[in-house]
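The values are calculated or read from the model by the stated rules, or taken from the named source; none is laboratory data. Since the structure is predicted, the reported quantities are computational estimates derived from the model, not experimental observations. Note that we place each Cβ from the backbone using ideal geometry, even for glycine, and neighbour counts take in every protein chain shown.
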Amino acid sequence: MSFMQHDVPLTWYLLLSAVLFSLGVVGFLIKRNLITVFMSIELMLNAVNLSFVAFAYQWHAVKGQIFVFFVMMVAAAEAAVGLAIIIAVFRTRATLSVDRIDLMKL
Amino acid sequence: MNGTLFHLWYIPALPFAGFLINGILGRRLSRALVTTIALLAPLSSFLAVIGNAYGFFGSMPMPASLPILETCPLPWIALPGLHVDFTFVLDQLSLVMLLVVTGVGFLIHVYSVGYMHGDPGYARYFSYLNLFLFFMTTLVLAGNVLLMFVGWEGVGLASYLLIGFWFQKPSAAAAGKKAFIVNRIGDFGFLIGVFLLLATFGTLSFSEIASKLAASPMWTGGVLTAICLCLLAGAAGKSAQLPLYVWLPDAMEGPTPVSALIHAATMVTAGVYMIARTHFLFDRAPLALGTVAIVGAATALFAATIGLAQNDIKRVLAYSTISQLGYMFLACGVAAYSAAIFHLVTHAFFKALLFLAAGSVIHAMGGEQDMRKMGGLRKKLPVTFWTMTVAVFTIAGFWPLAAFYSKDALLYAAFVHGAGGKFLWFVGLVTAMLTALYMFRLWYMTFFGELRTADAHPHESPWSMRAPLIVLALLSICGGWIGIERFSSYLAPSVGLHPAVSSFPHLELILTILAVLFALEGWLIADKYYRRKTERPAQLAAAMPAEYKLLANKYYVDEFYDARLVKPLFWVSQYVLGWVVDFAILGGIAWLLAGIANLSGAILQRWQSGNLRSYAAWLTLGAAALLLFVLLGHHFVEPSRMMVNLVRGR
């Protein structure tokens, strides 16, 4: 376990987390397919998880790891509900393009 | 206090229970049950008064000052500087008034059973009548001005409901509104008086105000005059005095028993009762007292002259009521409160009798109220005729009937009251003659001669209507036999002693003979014009068309008020308040606010595109802005903080 301690500093983990998060944001913004958008959200969540774990390891605090479990749980629930919604939307509208799902307009 | 006494709150509470039961369930109950409840309420209240009176006289010797019996069942308002409770006071004054209100009230309830028997609103009628008794007994028993005001407004409400009882008739609905609104004008004065009392004395309790006044015997006039004039405005509204009397003749649109109970015997005398109740204030305000006397005398004469030329039997009686109330005010104005209350009591008997007998006539004529179509009813309605005869002779003031004693007492009190008193006495004397004239005119037109219409088949009224007539006739005969000396010494603890003292021993006898002669003169004129030479009144009216029209149209007072007060008020309401204030100012502000909301909504609406990715973009931008603020925020915050410190001089 010594390689983590000595060879890879915290900054790198945070940088990786930031890169993953930004990828998620960009995907969330530019992708049209609803499933891709959904996956981008998952990517953002996991990027945050990575930074949590890294900090927890650095400061020897178990709270960060507990938080990650919570996030994973919420993400799992969200995936279940979200995929159900996606299926329902596809069945009724026969499309998954977010630009065409604009029923929330006033 | 005294353990043998009933609780006073029974007296108003029992009619209130009757009101609730008949008002809520009356439509589902059988007619017999409604009648039973409606009659039990005033009867039990009357018995409670009798029980209290018995306990009251049992506790002789009576204490000389207020309060005789003061109970406080419930606290009401307890604020710093204002403390008012639901206080009931039983003393000589309120006892007399309660006996009249519940006793005559019960008789009129009995009469109503016969009079209203076919009406679809039977239960509603009796619930209103019980409601009236509840408020009237509250008014009479009230131990402070505010509770009296509650009763005062309450009887106004009951009066409104009963005047407009047949609300399908537009004239009845309008008369109810008129009574309510004209009374509001007087009540405004009353309310100002209450505020002035509170500001001056810091309390509203009658007994506390009286004791505070007794503690400073030199205090007269000034703010007391203002208070009394305000109270007089209220009394003039409720008791139909000049210039606020206009509602009472129109109030005759209500059922006749209502006119008898509310607009003759009890409610309209509330003003007199209020002045007697607050006599310790009026005694210290000679100017206000003089105003009371002048208003009373003027009203008595004015209304009596109008009564001469009316053809509606109930309107004649209405103007007669106004005139008799003027007598009572006249007596109050010369500080002869016991004479005023004496006349109030006898008036309650004979005027209730007059109205009930008139109601019996109207009932017999199938709703006809125009005296020109009546006549010759003497044979067909013997009981009504004889009781009406008693009432007519009583109101005219013949010996030994009730009003002889009371009218005599108050005219005598006016005569011995200083220099102006002679004039007031003379006005009263002329009014007495006019009273006899218009009452005998009514008597002759209704009961003598021949029936002047073909489509009526008069029949005597049922026993439920005849019995109250007979009881009231007996009371009208005997009601005055107690005599003013005994009555005023009985009332003395409440309203002070009758000030009538004269150096001339036979003065009272001479004045009495004069008054009776004047009344006799009135009778003779009526006899000549309406029995022996029935064509003369028409000739007289033709000879003096202007004068006759003036009287028949009631001096055009209603028209004057309409043109000078009501129309301008309508104009102000419609144009100034309606168009400028309501439409332009208030409506404009509302329109402006709605416009701002609409406009900003239209702008902000563009944000809500429904496009998921645009929402996401805004979300991201917001998060980025927050992040930027966290990172660089201190650069923006610090300079402003420095500015603040600079201004503070650090």
> Looking at this structure, is B:Pro537 in contact with a helix residue (DSSP H, G or I) (Cβ under 6 Å, 6 or more places away or on another chain), under 30 Å from B:Val316 (Cα atoms), free of Cβ contacts under 8 Å to residues at least 40 places away in the same chain and not hydroxyl-bearing (Ser, Thr, Tyr)?
Replying inline: yes
> Just one of B:Ala264, B:Ala260, B:Ala303 is modelled with pLDDT under 90, aliphatic (A, V, I, L, M) and touching a helix residue (DSSP H, G or I) at 6+ places or on another chain (Cβ under 9 Å); which is it?
Replying inline: B:Ala264
> Does B:Thr220 satisfy being in a helix (DSSP H, G or I), touching a residue at least 24 places away in the same chain (Cβ under 8 Å), of a type in the set (S, T, N, Q) and farther than 16 Å from B:Ser323 by Cβ?
Replying inline: no
> So, in region A:48-70, of the ones that are away from every other protein chain (no Cβ under 14 Å) and aliphatic (A, V, I, L, M), which residue ends up surrounded by the most Cβ atoms within 10 Å (Cβ to Cβ)?
Replying inline: A:Ala54
>> When the residues of region A:91-106 are narrowed to those that are among the hydrophobic types (A, V, I, L, M, F, W, C) and free of Cβ contacts under 8 Å to residues at least 12 places away in the same chain, which ends up farthest from A:Ile41 (Cα to Cα)?
In response: A:Leu106
>> Return the residues of region B:120-171 that are in a loop (DSSP other than H, G, I, E, B), touching a residue at least 24 places away in the same chain (Cβ under 8 Å) and surrounded by fewer than 19 Cβ atoms within 10 Å (Cβ to Cβ); say none if nothing qualifies.
In response: B:Gly121, B:Trp166, B:Lys169
> Does B:Leu592 fit the bill of being under 30 Å from B:Ser323 (Cα atoms), at pLDDT 85 or above and either within 42 Å of the chain's Cα centre (by Cα) or assigned to a helix (DSSP H, G or I) (or both)?
Replying inline: no
> Could you count how many residues in region A:83-106 are under 22 Å from the mean Cα position of the chain (by Cα) and away from chain B (no Cβ under 13 Å)?
Replying inline: 3
>> Can you pull out every residue in region A:47-70 that is among the aliphatic types (A, V, I, L, M) and either part of a helix (DSSP H, G or I) or modelled with pLDDT of 95 or more (or both)?
In response: A:Ala47, A:Val48, A:Leu50, A:Val53, A:Ala54, A:Ala56, A:Ile66, A:Val68
> If A:Met73 passes every condition in (1) surrounded by 13 or more Cβ atoms within 10 Å (Cβ to Cβ); (2) free of Cβ contacts under 8 Å to residues at least 24 places away in the same chain; (3) of a type outside the set (Asp, Glu) but one, which one does it miss?
Replying inline: (1)
> Are there any pairs, at least 6 apart or on different chains, whose C-beta atoms fall under 8 Å, with the first in region B:609-626 and assigned to a loop (DSSP other than H, G, I, E, B) and the second of a type in the set (Val, Ile, Thr), and if so, which?
Replying inline: B:Asn611/A:Val98
>> Can you pull out every residue in region B:182-200 that is over 28 Å from B:Asp250 (Cα atoms) and buried (at least 19 other Cβ atoms within 10 Å of the Cβ)?
In response: B:Val194, B:Leu197
>> I'd like to check something: does region A:16-31 contain any residue that is farther than 24 Å from B:Ala617 by Cβ and more than 14 Å from every other protein chain (Cβ to nearest Cβ)?
In response: yes
> What tally of residues in region B:330-372 results from selecting those that are charged (D, E, K, R) and assigned to a helix (DSSP H, G or I)?
Replying inline: 2
>> Which of the numbered conditions does B:Trp579 fail, given that it passes all the others? Conditions: (1) over 25 Å from B:Met433 (Cβ atoms); (2) touching a residue at least 40 places away in the same chain (Cβ under 8 Å).
In response: (2)
>> On the basis of being within 14 Å of chain B (Cβ to nearest Cβ), surrounded by 12 or more Cβ atoms within 10 Å (Cβ to Cβ), more than 13 Å from the chain's Cα centre (by Cα) and assigned to a helix (DSSP H, G or I), does A:Ile41 make the cut?
In response: no
